[in-house]
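The values are calculated or read from the model by the stated rules, or taken from the named source; none is laboratory data. Quick caveat: nothing in here was measured; it's all calculated off a predicted structure. No Cβ is skipped: glycine too gets one built from the backbone with ideal geometry, and neighbour counts run over all protein chains shown. With ligands, DNA and RNA removed, areas are computed over all heavy atoms of the protein, side chains included. Shrake-Rupley method; radii C 1.70, N 1.55, O 1.52, S 1.80 Å.
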Amino acid sequence: MIDTNEIRQLTKEFKDCQKSLSAIGDETRQHIIITLLECDCKGVRVGEITKKTNLSRPAVSHHLQILKEAGIIGMRREGTKNYYFLDSRKTELNKLMKILQHVNEIIEKAPASKGSQ
């Protein structure tokens, strides 16, 4: 039987991650994340992302802002240039990994359904 306290905790974790889950749930933003992963860890400029994704510059900027506000990516400035990158130090990425691990733990504890035996 699944512990109700554990389910309450998982519900809280999902609520804490809603912004980041929504941000990465968009296919365009997923494509941008993949582009960031494929590029230099020091960061990528909007123009480079535009070329790789075939999106307009305003669209890329809009999606980067959403990812940044959700704590998925970071940005650093060099003079007038902005570089975007996935930041493993961001707590949102860690919270997402934790929630997926928690879901997996609950699934492993759950009794097998009758149809899968």
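Considering only the other residues whose Cβ falls under 14 Å of the Cβ of His62, what net charge follows from Lys and Arg at +1 and Asp and Glu at -1? Working shown, then result.
On the way: positive: Arg29, Arg57, Lys68; negative: Asp26, Glu69.
Local net charge: +1.
Given charges of +1 on the Cβ of Lys and Arg and -1 on the Cβ of Asp and Glu, with all other atoms neutral, how large is the dipole of the range 19-78 about its Cα centre, in debye to the nearest 20? It would help to have the intermediate numbers written out before the result.
Details: 10 positive and 7 negative charges, 41 e Å.
In total the dipole reaches around 200 debye.
What's the longest uninterrupted piece of the chain once you rule out the trypsin sites (Lys or Arg not before Pro) that are loop residues per DSSP with at most 11 other Cβ within 10 Å?
Values: sites that count: Lys42, Arg89.
By the stated rule (loop sites, at most 11 other Cβ atoms within 10 Å), 43-88.
Taking Rh as the Kirkwood radius computed over C-alpha pairs, what is the Stokes-Einstein D of the chain at 4 °C in a medium of viscosity 1.567 mPa s, expressed in µm² per second?
On the way: Rh = 16.1 Å.
Rounded, D is 81 µm²/s.
What does the extension gain come out to for Arg57 and Val103, with contour length at 0.36 nm per residue minus their alpha carbon separation? The partial results should precede the final answer.
Details: separation 46, 0.36 × 46 = 16.56 nm, distance 3.71 nm.
Full extension of this stretch gives 12.9 nm more.
Non-local amide H neighbours of Ile73 (under 5 Å, H modeled in plane, Pro and chain starts lacking H): which ones?
Those lying under 5 Å, H to H, from Ile73 are Lys68.
So for the pair Lys81, Thr4, with labels modelled 7 Å out along Cα→Cβ, what separation do we get in nm?
With each label placed 7 Å out from Cα toward Cβ, I get 5.8 nm.
Between Ser88, Asn54, Leu100, whose Cα lies farthest towards the positive end of the dipole of the range 37-108 when Lys and Arg beta carbons carry +1 and Asp and Glu beta carbons carry -1, centred on the Cα centre?
Asn54
Accessible area per residue of the chain at 1.4 Å probe, in Å²?
Values: 8030 Å² over 117 residues.
It amounts to 69 Å² per residue over the chain.
Given the DSSP H assignment, sum -39500 (n - 2.57) over each helix run of at least 4 residues in the chain and divide by its residue total; what's the result at 222 nm in deg cm²/dmol, nearest 500? Mind showing how you got there, number by number?
Details: 6 runs with 73 residues, N = 117.
The per-residue figure over the chain is -19500 deg cm²/dmol.
Place a +1 charge on the Cβ of each Lys and Arg in the chain and a -1 charge on the Cβ of each Asp and Glu, then give the dipole magnitude about the Cα centre in debye, rounded to the nearest 20. Please report the intermediate quantities before stating the final value.
Numbers: 20 positive and 15 negative charges, 85 e Å.
It works out to roughly 400 debye.
Explain nothing, just the number: relative contact order of the chain, from Cα pairs under 8 Å at least 6 residues apart, as a whole percent. It would help to have the intermediate numbers written out before the result.
Numbers: 109 pairs, mean separation 35.9, N = 117.
The value is 31 percent.
For the chain, modelled as a Gaussian network with Cα springs under 10 Å, which listed residue fluctuates most, Asp26, Asp16, Asp87?
Of Asp26, Asp16, Asp87, the most mobile in the Gaussian network model is Asp26.
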